[in-house]
Amino acid sequence: MSKSIFEKIIDREIPAQIIHETDELLAFRDVNPQAPAHFLIIPKKRFHRLAEVPADEAGLLGRLLLAAAAVARQEGLAADGYRIVINNGANGGETVPHLHIHVLGGRALQWPPG
Ligand code: AMP
């Protein structure tokens, strides 16, 4: 299967503003930010979406969430708060078929989302 945009970012085939990286995950700024702060956390391993992550990867999912919180802190979002979003599949609004966690902050966000 051909590489998604996010796999090309992982492989440094296209540029991104990377703000955190470990051997298993990458965090980078969203190219079309929906809030003053908007970044994505992705696993380097390819899962098309949350629903495809097997139970034996629960540890990786936990580390992705912890990394989201740590990078939010690093970005100065912890005091005022932020939102974590995972779009899963078409009705969820997922457009890139590689699991990603959105972190949005820097302004008060509405609830419920549209
Ligand atoms: P989703 O709609 O949940 O699949 O989110 C995909 C996100 O990836 C969107 O917010 C896009 O703006 C973002 N995105 C797409 N291409 C890039 C890119 N090359 N660099 C950074 N973010 C991107």
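Annotation: of all residues in segment 61-75 being open to solvent by less than 60 Å² (accessible area, probe 1.4 Å) and free of Cβ contacts under 8 Å to residues at least 12 places away in the same chain, the one that is nearest to Q34 (Cα to Cα) is A69. Residues in segment 90-114 that are open to solvent by less than 30 Å² (accessible area, probe 1.4 Å) and either in contact with a helix residue (DSSP H, G or I) (Cβ under 7 Å, 6 or more places away or on another chain) or at pLDDT below 95 (or both): 7 in all.
Restricting segment 31-54 to residues that are open to solvent by 60 Å² or more (accessible area, probe 1.4 Å) and under 12 Å from V96 (Cβ atoms), the residue that is farthest from the ligand (Cβ to nearest atom) is R46.
So how many residues does segment 55-114 have that are away from the ligand (no atom under 13 Å from the Cβ) and part of a loop (DSSP other than H, G, I, E, B)? So the count comes out to 15. Pairs meeting the criteria (first residue in segment 1-30 and open to solvent by less than 60 Å² (accessible area, probe 1.4 Å), second residue more than 11 Å from the ligand (Cβ to nearest atom) and charged (D, E, K, R), beta carbons under 6 Å, at least 6 apart or on different chains) are I10/K44; E24/K44.
The values are calculated or read from the model by the stated rules, or taken from the named source; none is laboratory data. Just so you know, these numbers come straight off a predicted model, no measurement behind them. Cβ coordinates were reconstructed from backbone atoms using ideal geometry, including for glycine residues, and neighbour counts include every protein chain displayed. Surface accessibility is based on the protein's heavy atoms, side chains included, excluding ligands, DNA and RNA. Shrake-Rupley method; radii C 1.70, N 1.55, O 1.52, S 1.80 Å.
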